[in-house]
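A.B. asks: Got a structure for you, questions after.
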Amino acid sequence: MVGPKLQHWFFFGVLFGVLPIALCFAMNSLSRNGMTLTQLLGRGELLIVTTSLAAAAAGQIITRKGSPAGITNVLGFLVCLNILLAVATAGLFAFVSYASQTPQSIDATSVAQYSVVLFASSVVTAGSSALIVEWEQAQ
């Protein structure tokens, strides 16, 4: 059955992936000088989660067993998209991390916005990958 496996992926992969960020936000919101969500996401940690989700999805597709005819092109596209997301988010995090240690200033709002968009894209592509691979295994 595909439904429970996708739920497990979402719970353990996605929700546990963002749990440290959510806990940091919750703890910061309790302090007087806490960060806003934009400031927190502007540090780039969500990009690390995105990289992991996308790379794991690509690996899951690559290591699957067999494939019904007609779905190979879709899976190939998803592998490429997931790898592209993983590389892009890893590179963006490296830039944000490096820039925060130099006199350069980075726009936390832009980093937060890119992080959210790339994370949402990764959830869609990784979720689609997980769904298709689990569907294949159920066949």
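The values are calculated or read from the model by the stated rules, or taken from the named source; none is laboratory data. These figures come from a predicted structure and were not determined experimentally. As a convention, Cβ positions derive from the backbone with ideal geometry for all residues, glycine included, and neighbour counts pool all protein chains shown. Accessible surface areas use protein heavy atoms only, side chains included; no ligands, DNA or RNA. Shrake-Rupley method; radii C 1.70, N 1.55, O 1.52, S 1.80 Å.
A.B. asks: Okay, helix-only estimate at 222 nm for the chain: each DSSP H run of n ≥ 4 adds -39500 (n - 2.57), divide by all residues, round to 500 deg cm²/dmol; what do you get? Before the final figure, lay out the partial values.
C.D. replies: Numbers: 6 runs with 104 residues, N = 139.
That calculation yields -25000 deg cm²/dmol at 222 nm.
A.B. asks: In what sequence, largest accessible area first, do 92, 23 appear using a 1.4 Å probe?
C.D. replies: If we order 92, 23 from most to least accessible, we get 23, 92.
A.B. asks: Something else now. Give the angle, between 0 and 90 degrees and rounded to the nearest 10, that separates the Cα long axis of helix 108-138 from the longest principal axis of the Cα atoms of the chain.
C.D. replies: Approximately 20 degrees, to the nearest ten.
A.B. asks: Check residue 64: other-chain or 5+ apart residues with amide H under 5 Å from its amide H, H built from backbone geometry?
C.D. replies: none
A.B. asks: Run the dipole for the chain about the Cα centre, Lys and Arg Cβ at +1, Asp and Glu Cβ at -1, nothing else charged, and hand back the magnitude in debye, nearest 20.
C.D. replies: In debye, rounded to 20, the chain gives about 140.
A.B. asks: Measuring with a 1.4 Å probe in the full set of protein chains, what accessible area per residue, in whole Å², belongs to the chain?
C.D. replies: Numbers: 8280 Å² over 139 residues.
Counting only protein heavy atoms, the per-residue value for the chain is 60 Å².
A.B. asks: Please give the per residue volume of the convex hull enclosing the alpha carbon atoms of region 1-137, rounded to a whole number of Å³.
C.D. replies: For region 1-137, the hull spanned by Cα atoms encloses 99 Å³ per residue.
A.B. asks: Specify the angular offset, from 0 to 90 degrees and rounded to the nearest 10, of the alpha carbon long axis of helix 72-99 from the longest principal axis of the alpha carbons in the chain.
C.D. replies: The two axes meet at around 10 degrees.
A.B. asks: Give the carbon-plus-sulfur fraction of the accessible surface of region 6-139 in %, rounded to a whole number; probe 1.4 Å, heavy atoms of protein chains only.
C.D. replies: So the carbon and sulfur contribution to the accessible surface is 68 percent.
A.B. asks: Let me ask something else. On a 0 to 90 degree scale, rounded to 10, what angle separates helix 45-62 from the longest Cα axis of the chain?
C.D. replies: 10 degrees
A.B. asks: Got a sec? What order do 106, 62, 132 fall in by accessible area at 1.4 Å, biggest, i.e. largest, first?
C.D. replies: If we order 106, 62, 132 from most to least accessible, we get 62, 106, 132.
A.B. asks: Could you work out the relative contact order of the chain? I mean the mean sequence separation of Cα pairs under 8 Å and 6+ apart, divided by the number of residues, in percent. Write down the numbers at each step before the final one.
C.D. replies: Numbers: 146 pairs, mean separation 56.5, N = 139.
The normalised contact order for the chain reaches 41 percent.
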